[in-house]
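Please read the structure below before turning to the comments.
The values are calculated or read from the model by the stated rules, or taken from the named source; none is laboratory data. Since this is a predicted model, take the numbers as computed values, not measurements. Every residue, glycine among them, receives a Cβ derived from its backbone with ideal geometry; neighbour counts consider all protein chains shown.
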Amino acid sequence: MANVRPFTEYLKVHISEALLEEVKAKLKLARLDERMGEVEWNDLEIGHTNIKQLVEFWRDEYDWRMFEVFLNTFHHFKTLIQVPGFDVLDIHFLHHRSSRTNAIPLLFVHGWPGSFLESLKIIPLLTEPPEGRQAFHVVAPSLPGYGFSDFPRKSGFGLEQYADCFARLMTTLKYDKFVCQGGDWGSSIVRYMALGHPDKVLGIHINMFLALPPSPESSPEKFRRYQDMAYDTQELKNLERTRWFGHNERGYQRVQETKNVTLGYALHDSPVGMLAWLVGKLKAWTDDYPWTKEELIHWTFIHYQGSPSAAMQIYKEAEAVLNEDRNSMLGKYISQPVGCSIFPKELWLYPRDWMSETCNIQFWRQHRSGGHFIAWERPEALVEDVAEFFDKEGPVIKNVVSHG
């Protein structure tokens, strides 16, 4: 592991004072459209009063350095990874090993507009759980282009390449076999990891799932249920949530899929713009989670200090999945055990019938509350499901996974 570099006192999470001062200066010069405080339009993504209060708090009270101290209580590393066909990337990740002898290596993969921050609440729960619950060695990388990770400078770095990058990361860490957990884009990436690296990935757990309806040729009975909408009350509610998201919330997706660099210039230059672009989504995609002002700015600043354009490039590169192409991951069967946790305020919620067409479903649990950022909203609920699914007596782990 000579290639792996820890964030030492000389290489740790440290944002330059120059950037922090620049942000403060920009916030002091923020030009908010006060007329938005007078409108009575329906379905405003974020109200004028809310954004104004957040800008004032960021400008006058927010303390990044205090959060930086907290971030540096975690074990940060960087390593060089080369995916065939692309330049070497400097990838940031957290790596926390459990003290338990039977701990299982687990790769946690985030999405957009998340970041490695999503792992902070679950790492201690996974690595040092109560006696009797499965423990894990946790690896939580920043996706290429996110947080403190480098990004590819040419096109073609799609979901399969993200998957290959993280498989290589786990190999670098000497984890020959491991399990994965993913939400948002992370759910698609770990599915590609299972497909592309079946010798390494023992099983995956996901909390967001893209799926296509059953086909009449391969599954006539499932297709009839689909045609008749013969699903239970909760499944129908889940489908309605998916319909709501598609109708009301997917505009951002089309923009990021087609104009990510144009938008990225604006967001990279304006902390208020970055804040406004993210906050409405963070609030709308959770299940009444009580976001603090500090949390909203933590999540915003991680994107602002990086490259918004690079983070959004994944939407352009994942066009086949977004366009429901059956030749993509959506039409390929995962033979390893797959666990699914369903939270009612997730964005994509499909019946088990649909998911079982391409996944070997061995765990399926519907929750009564929770949304898209479940590792942050309800970390205990997610960890409980993950630990149960990957328990040594469960469908995935038949014996202790050794760490080479």
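Within the set Leu210, Leu239, the sole residue that is touching a residue at least 24 places away in the same chain (Cβ under 8 Å) and in a helix (DSSP H, G or I) turns out to be Leu239. Every condition in (1) surrounded by fewer than 13 Cβ atoms within 10 Å (Cβ to Cβ); (2) in contact (Cβ under 8 Å) with a residue 60 or more places away in the chain is met by Phe245 except one, and the failing one is (1). Once region 132-148 is narrowed to residues that are more than 10 Å from Leu106 (Cβ to Cβ) and touching a Leu at 6+ places or on another chain (Cβ under 7 Å), the residue that is surrounded by the fewest Cβ atoms within 10 Å (Cβ to Cβ) is Pro144.
With respect to the conditions (1) in contact with a helix residue (DSSP H, G or I) (Cβ under 6 Å, 6 or more places away or on another chain); (2) farther than 19 Å from Phe57 by Cβ; (3) buried (at least 18 other Cβ atoms within 10 Å of the Cβ), Leu296 lacks only one, and its number is (2). When Pro395, Pro308, Pro344 are checked against the criterion of being of a type outside the set (Phe, Trp, Tyr) and touching a Leu at 6+ places or on another chain (Cβ under 8 Å), a single residue qualifies: Pro308.
Does Ala2 count as over 28 Å from the mean Cα position of the chain (by Cα), at pLDDT 95 or above and over 30 Å from Val386 (Cβ atoms)? Judged against the criteria, Ala2 is not a match.
Condition (residue is among the basic types (Lys, Arg) and either closer than 19 Å to Pro213 by Cα or buried (at least 18 other Cβ atoms within 10 Å of the Cβ) (or both)) applied to region 323-341: is it met by at least one residue? Yes, because at least one residue in region 323-341 is among the basic types (Lys, Arg) and either closer than 19 Å to Pro213 by Cα or buried (at least 18 other Cβ atoms within 10 Å of the Cβ) (or both).
Can you find a residue in region 122-133 that is of a type in the set (Lys, Arg), closer than 29 Å to Lys392 by Cα and in contact (Cβ under 8 Å) with a residue 40 or more places away in the chain? Yes, region 122-133 contains at least one residue that is of a type in the set (Lys, Arg), closer than 29 Å to Lys392 by Cα and in contact (Cβ under 8 Å) with a residue 40 or more places away in the chain. Filtering region 254-268 for residues that are buried (at least 18 other Cβ atoms within 10 Å of the Cβ), within 11 Å of Leu347 (Cβ to Cβ) and among the charged types (D, E, K, R) leaves an empty set. Filter region 191-207 for residues that are part of a loop (DSSP other than H, G, I, E, B) and touching a helix residue (DSSP H, G or I) at 6+ places or on another chain (Cβ under 9 Å); which is surrounded by the fewest Cβ atoms within 10 Å (Cβ to Cβ)? Checking each candidate, the answer is Lys200.
One residue stands out in region 355-390 among those that are of a type in the set (D, E, K, R) and at pLDDT 95 or above: the one that is farthest from Glu249 (Cα to Cα), namely Glu388. Filtering region 150-166 for residues that are at positive phi, among the small types (Gly, Ala, Ser) and without any contact (Cβ under 8 Å) to a residue 24 or more places away in the chain leaves an empty set. Taken over region 214-230, the criterion of being surrounded by 17 or more Cβ atoms within 10 Å (Cβ to Cβ) and either free of Cβ contacts under 8 Å to residues at least 24 places away in the same chain or part of a loop (DSSP other than H, G, I, E, B) (or both) is satisfied by Pro214, Ser219. Across region 334-354, the number of residues qualifying as touching a Cys at 6+ places or on another chain (Cβ under 9 Å) and either modelled with pLDDT under 95 or of a type in the set (D, E, K, R) (or both) comes to 1. Could you grab the pairs with beta carbons closer than 9 Å, sequence gap of 6+ or different chains, first residue in region 269-289 and more than 24 Å from Trp244 (Cβ to Cβ), second one surrounded by 19 or more Cβ atoms within 10 Å (Cβ to Cβ) and of a type in the set (Gly, Ala, Ser)? Taking only residues 6 or more apart or on different chains, the pairs are Ser270/Ala276.
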